[in-house]
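The values are calculated or read from the model by the stated rules, or taken from the named source; none is laboratory data. Every value quoted in this text rests on a predicted model; they were computed, and no experiment measured them. All Cβ positions, even for glycine, are placed from backbone atoms using ideal geometry, and neighbour counts span all protein chains on display. Each accessible area value is taken on the protein alone, full model and side chains, heavy atoms only, with ligands, DNA and RNA left out. Shrake-Rupley method; radii C 1.70, N 1.55, O 1.52, S 1.80 Å.
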Amino acid sequence: MSFKKFLRIVFDRDRYDTIDLFQEFPGLKNFFKRRKLHAFVRTIGDLAFTFIILAGLFGPQDPKRNCILYLSWGLWWPTIVLSWFFVGRMWCGFCPFPGVGRLVQSLGLNLDLPVPRFLQKNGPYLSVILLCLIIWVEESTGIKESPRGTALLILSILAGATITAIFFPKQTWCRYLCPMGRLIGVGSTLSMLEFRPDLEKCKGCKSFACKRGIDGRSGCPVFLGAFSVRNNLDCLICGHCLALCDKNSPMLNIRSPFKELLVNKGRFITCSYIIPFLMGSQLVRFFEESSYAMTVANGSLYTMLVYSGLLTIGFFYVHFMIKLGARFFGITEDELFGKFSPMVPIFVPMAFAGELAYRLDYAVRNAPYFFPTIARQFSLDFLNFLTFKIPSWFFPAMNSFIMASAIIACEYVLLQMAFDEFEGLIAKWRFVAISFLIFITGGSYIFLMV
Ligand code: SF4
Ligand code: SF4
Ligand code: SF4
């Protein structure tokens, strides 16, 4: 692989060029193809996951004596958020949540009912509602300080995935309902990795084994199949279809992280709801941790009500910015690809950065206490020395840097949309007005962070 080509692609100099990692590194392809190897890595994740649940439920409930809090909120979730950019939705290929459902199905204990049309049609809305619920619970109930609460939250997602697998085929939960999957999918639209078919090789394929399965082996767990993957929203990058395709079609491409944003232009309903909610909730989360917020005990009814109100305000604030930006942009429909929402792709980098900053802030702030917590939990006193101090200026500096980079990325997407994708159609004053909105929104984050 030419490093120069890699840099040109990743830095968006050759936006529509890609490098197929399966071709460059056949070992990687073998890893995905040999399902046993893949399953082995997944099993390690399952064991860690089981430890977190058991230690959360039955271990010490003092947050200073139970390391599962940091493992879940400080390591697991921030790592997933960071992975959106580098490997897209690949986490889903190793995710432990569908494991029990898969076992139930392999034992033939499921009902295998057809997926209702209601679910297919309204899945995006339902998963966004579930995501709102999770963020609301996370922030207003003090669950991050409760090992049992954290374990119960994880168990509730596991229960959702398992019950859905009992009633419906394959990973219906992952395709239509999972709030995490929905969020990861939207975040992955900004990824430098994509899983795609080589459509030339798919031409004339009669088996469509990637979707339907073949020789008793089931097809894609989320009813897609490599040939129909056009974006990063739904494909789990589980690699299951690799072993099914005899034409060597699936590719794992390095690409420009801006490519999908500019091609799709916020046409998907999922993004239209997730982005304003996610950004609104981030502003509220930063507000809650800022010096402007009143200190109210987490978990009180008052906090829950105040938090619900703030989330609603946050959602409508960003929604308003998106609508206003679309007005400034002036074009929201194209004869080639229909209606679109120009501010959604422009804001995706900020939504990603906001989530990353929020999660990293927690991860870094609590890192010094991780080993001492393990020391207390398992009486391993020698681990006590593994602690360190982080100067208080570090957090606003880190968060501001992340958000400033996001503002630059948003501006870049806007620039490409206004002067490349819609060349000659967007007046300069419109560009300036939208830039102003980007600065106000990004500035709101920085104001609340420092
Ligand atoms: S969609 Fe949800 S449950 Fe399914 S693999 Fe992804 S994160 Fe896990
Ligand atoms: S990915 Fe393979 S199995 Fe699927 S349609 Fe293309 S050639 Fe056929
Ligand atoms: S298209 Fe292939 S990689 Fe994507 S979810 Fe389906 S089986 Fe997995």
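Descriptive notes on the structure:
- Those residues of the stretch 153-175 which are of a type outside the set (Val, Ile, Thr), surrounded by fewer than 21 Cβ atoms within 10 Å (Cβ to Cβ) and touching a residue at least 12 places away in the same chain (Cβ under 8 Å), in sequence order: LEU153, LEU155, LEU158, GLY160, PHE167, PRO169
- Test result for THR387, of a type in the set (S, T, N, Q), farther than 28 Å from THR441 by Cβ, surrounded by fewer than 18 Cβ atoms within 10 Å (Cβ to Cβ) and assigned by TED's automatic domain parsing to the domain that holds ILE274: yes
- Restricting attention to the stretch 172-192 and to residues that are part of a helix (DSSP H, G or I) and of a type in the set (A, V, I, L, M, F, W, C), the residue that is nearest to LEU261 (Cα to Cα) turns out to be LEU190.
- Residues that are near ligand 3 (Cβ under 8 Å from one of its atoms), under 11 Å from PHE195 (Cβ atoms) and either of a type in the set (S, T, N, Q) or open to solvent by less than 10 Å² (accessible area, probe 1.4 Å) (or both), drawn from the stretch 206-232: ALA226, VAL229
- Every residue from the stretch 402-438 that is of a type outside the set (Val, Ile, Thr) and touching an Asp or Glu at 6+ places or on another chain (Cβ under 9 Å): TYR412, GLN416, PHE422, SER435
- Applying the condition of being without any contact (Cβ under 8 Å) to a residue 40 or more places away in the chain and not aliphatic (A, V, I, L, M) to the stretch 51-86 and asking which residue is farthest from GLY142 (Cα to Cα) yields SER83.
- Residue within the stretch 361-370 that is in contact with a Cys (Cβ under 9 Å, 6 or more places away or on another chain), at pLDDT 95 or above and assigned to a helix (DSSP H, G or I) present: yes
- Selection within the stretch 1-30: residues that are farther than 11 Å from ILE254 by Cα, in contact (Cβ under 8 Å) with a residue 40 or more places away in the chain and outside any loop (DSSP other than H, G, I, E, B). The member of this set that is most open to solvent (accessible area, probe 1.4 Å) is GLN23.
So that you can scan it fast, the table gives a plain yes or no per residue for (1) under 21 Å from ILE274 (Cβ atoms); (2) buried (at least 17 other Cβ atoms within 10 Å of the Cβ):
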site: ARG365; (1), (2): no, no
site: TYR369; (1), (2): no, yes
site: PHE378; (1), (2): no, no
site: ALA397; (1), (2): no, no
site: ILE408; (1), (2): no, no
site: VAL413; (1), (2): yes, yes
site: ALA427; (1), (2): no, no
site: VAL432; (1), (2): no, no
site: PHE436; (1), (2): no, no
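- A single entry from CYS178, CYS235, CYS202 fulfils the requirement of being within 15 Å of ligand 3 (Cβ to nearest atom), more than 21 Å from the chain's Cα centre (by Cα) and crowded, with 17+ Cβ neighbours inside 10 Å: CYS202.
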